[in-house]
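Handing you this structure, nothing more for now.
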Amino acid sequence: MFDQTVKSGQNESQNESQNEYLEFLDRLDSFGEPDVPGLAEALGQTDPGPELHALLAGLDLSGLTGYELVAALKAYSRMVGHFQAGVMTAISEIAFRADPEFGHSSRPVEFVAAEVASALKLTRRSAEAQVDLALSLHGRYRDVRDLLRDGRIDSWRARILTETTSHLPADKALEVIRRVLADAPDLTGGQLRARLTRICMEAFPENARAAVEGALAQRRVVVEATGEGTANLLGLDLPADSVMAIRKRINLLARELGKDERTHDQKRADILLDLLLGTAIGQGRAQVDIVVDLSTLAGIDEKPGHIPGWGPVTAEMSRRIVSEQPDATWVGTVKKNGNPITSGILRRRPTVAQERSVLGMHATCVFPGCRMPSSDSDLDHTVAHSDGGPTVTENLAPLCRYHHRVKHEGGWSYRRECPGLHTWTSPLGHRYTVDSRDPP
């Protein structure tokens with residue numbers, strides 16, 4: 001509503017904004033009490049800016065209902081995005097300031113990151129990242145900047161939108177960005193990155209292939225110390241299929257260990273160390289779950305494949321994954337208008353028909369934002385069996401172990417709207433719809 005950038009000669013517009021703000025304060029009494037009907041709606045419908053800020057400042061959160069608290073949480077989050085856009089605008093303005101007054105430079109000042117780092121108490125690397133993002137948002141990514149200023153995304157999603165398309169020429173990057181802007185506010189960071197990656201691979205396969213090759217050329221292992229005296233071992237820019245195969249193998253080995261005093265995560269960490277030290281048991285390469293069109297396998301097109309729990313991979317990598325595991329169990333799914341209508345085993349031993357159908361319909365857990373592969377999830381009765389829910393495909397959906405507990409122990413519930421589409425209701429009354437038929 002109000003531009004965050006302050007420039008000389010704007011006193012008149014500033015006075016108008018102040019008057020508008022004061023007028024709003026006079027109207028604020030109607031929303032001042034937490035039990036006023038429509039407070040949650042007012043929070044949801046007020047755009048980020050002085051009005052929403054004043055509305056939030058007048059609330060006593062301890063006096064709100066659970067439903068209103070969630071609405072307030074969303075409103076605060078929109079204000080955060082709005083102010084983050086202001087931070088980006090300030091940094092972009094600072095980048096072209098040549099002196100303490102109003103002197104401008106035609107190019108970004110060379111050591112602007114030092115100014116930002118000192119002002120915000122950031123490391124040099126963090127400040128440089130902030131400057132890069134600010135200049136991007138006020139350069140070719142102005143649509144993303146506007147979305148951030150409107151509070152519809154946060155700076156993390158803004159960074160994903162800019163970084164994931166940075167390998168593309170400006171016109172191609174904008175084409176990709178504009179295809180996801182409408183959905184970006186409703187996607188998690190992981191879902192947004194996966195959708196952007198898939199679109200880049202579909203629309204510009206040559207650029208995507210070059211980006212993968214360039215990233216693989218930078219693969220490396222990083223060791224970093226923690227504040228507790230332990231260490232983190234990080235493998236960066238590794239082949240996606242190899243990483244997913246390693247994860248699956250570690251999970252299998254951890255399950256084979258049985259129960260002991262260690263948690264599952266502790267077992268996985270110990271197995272990783274044993275494997276690298278050459279002391280772990282287990283032979284052979286783990287299979288990698290992948291969803292890929294037959295036309296891609298045949299080389300007819302270059303549509304990206306999808307590794308459940310990871311995201312899109314290039315057509316070239318999809319074909320390589322398939323060629324390296326010829327003995328795997330393959331499930332074919334036939335779709336009509338995007339909805340699975342039948343599925344069946346293509347190779348090796350069959351599984352339970354219902355499980356096969358459910359896994360073919362859902363790539364991941366059906367909880368909002370969850371990307372746990374359905375093959376690593378439980379099959380849940382949407383309507384509990386104890387409540388008369390039948391054990392049929394239409395009443396089954398994959399839930400990861402954590403979200404299975406969330407449903408049964410945390411007060412969440414969900415219903416099936418149509419194949420692959422579920423609506424969840426939180427304990428505080430908010431609803432979220434999940435479409436798992438086409439993973440981001």
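The values are calculated or read from the model by the stated rules, or taken from the named source; none is laboratory data. Quantities reported herein were computed from a predicted structural model and do not represent experimental measurements. Note: ideal-geometry Cβ built from the backbone for every residue, glycine included; neighbour counts use all protein chains shown. The area values use the complete protein model at the heavy-atom level, side chains included, leaving out ligands, DNA and RNA. Shrake-Rupley method; radii C 1.70, N 1.55, O 1.52, S 1.80 Å.
Please return the ranges of strands (runs of 3 or more DSSP E) entirely within the stretch 365-422 where 2 or more residues are open to solvent by 40 Å² or more (accessible area, probe 1.4 Å).
378-381, 413-418
Tell me, yes or no, whether the stretch 232-253 has at least one residue that is farther than 22 Å from E324 by Cα, modelled with pLDDT under 90 and not charged (D, E, K, R).
no
Which pairs have Cβ atoms under 9 Å, sit 6 or more apart or on different chains, and link a residue in the stretch 48-73 that is farther than 20 Å from A85 by Cα and without any contact (Cβ under 8 Å) to a residue 12 or more places away in the chain to one that is open to solvent by less than 30 Å² (accessible area, probe 1.4 Å) and of a type in the set (A, V, I, L, M)?
L61/A72
Additional query: Of the conditions (1) under 30 Å from R107 (Cβ atoms); (2) among the hydrophobic types (A, V, I, L, M, F, W, C); (3) assigned to a helix (DSSP H, G or I); (4) without any contact (Cβ under 8 Å) to a residue 40 or more places away in the chain, I199 fails just one. Which one is it?
Only one criterion in (1) under 30 Å from R107 (Cβ atoms); (2) among the hydrophobic types (A, V, I, L, M, F, W, C); (3) assigned to a helix (DSSP H, G or I); (4) without any contact (Cβ under 8 Å) to a residue 40 or more places away in the chain is unmet by I199, namely (1).
Here's something else I'd like to know. Report, by residue number, each residue of the stretch 78-109 that is over 19 Å from D132 (Cβ atoms), open to solvent by less than 70 Å² (accessible area, probe 1.4 Å) and either of a type in the set (V, I, T) or in contact with a Gly (Cβ under 8 Å, 6 or more places away or on another chain) (or both).
R78, M79, H82
State all residues of the stretch 129-152 that are of a type in the set (D, E, K, R) and not in a helix (DSSP H, G or I); if no residue qualifies, say none.
R140, D150, R152, listed by residue number.
Scanning for something touching a residue at least 12 places away in the same chain (Cβ under 8 Å) and surrounded by fewer than 21 Cβ atoms within 10 Å (Cβ to Cβ), does the stretch 116-127 turn up at least one residue?
no
Could I ask something else about it? Restricting to the stretch 429-439, count the residues that are surrounded by 14 or more Cβ atoms within 10 Å (Cβ to Cβ) and either without any contact (Cβ under 8 Å) to a residue 12 or more places away in the chain or touching a Phe, Trp or Tyr at 6+ places or on another chain (Cβ under 6 Å) (or both).
Total satisfying the criteria: 1.
Okay, next question. Which of the residues that make up the stretch 175-192 are closer than 14 Å to V144 by Cα and either in contact (Cβ under 8 Å) with a residue 60 or more places away in the chain or crowded, with 17+ Cβ neighbours inside 10 Å (or both)?
V176, I177, V180, A184, L192 - these are the residues of the stretch 175-192 that are closer than 14 Å to V144 by Cα and either in contact (Cβ under 8 Å) with a residue 60 or more places away in the chain or crowded, with 17+ Cβ neighbours inside 10 Å (or both).
Separate question: Out of the residues in the stretch 217-262 that are of a type in the set (K, R), under 23 Å from M317 (Cβ atoms) and not in a helix (DSSP H, G or I), which is most open to solvent (accessible area, probe 1.4 Å)?
So the residue we want is R219.
Exactly one of (1) basic (K, R); (2) more than 22 Å from V212 (Cβ to Cβ); (3) buried (at least 22 other Cβ atoms within 10 Å of the Cβ) is unmet by R157. Its number?
Condition (3) is where R157 drops out.
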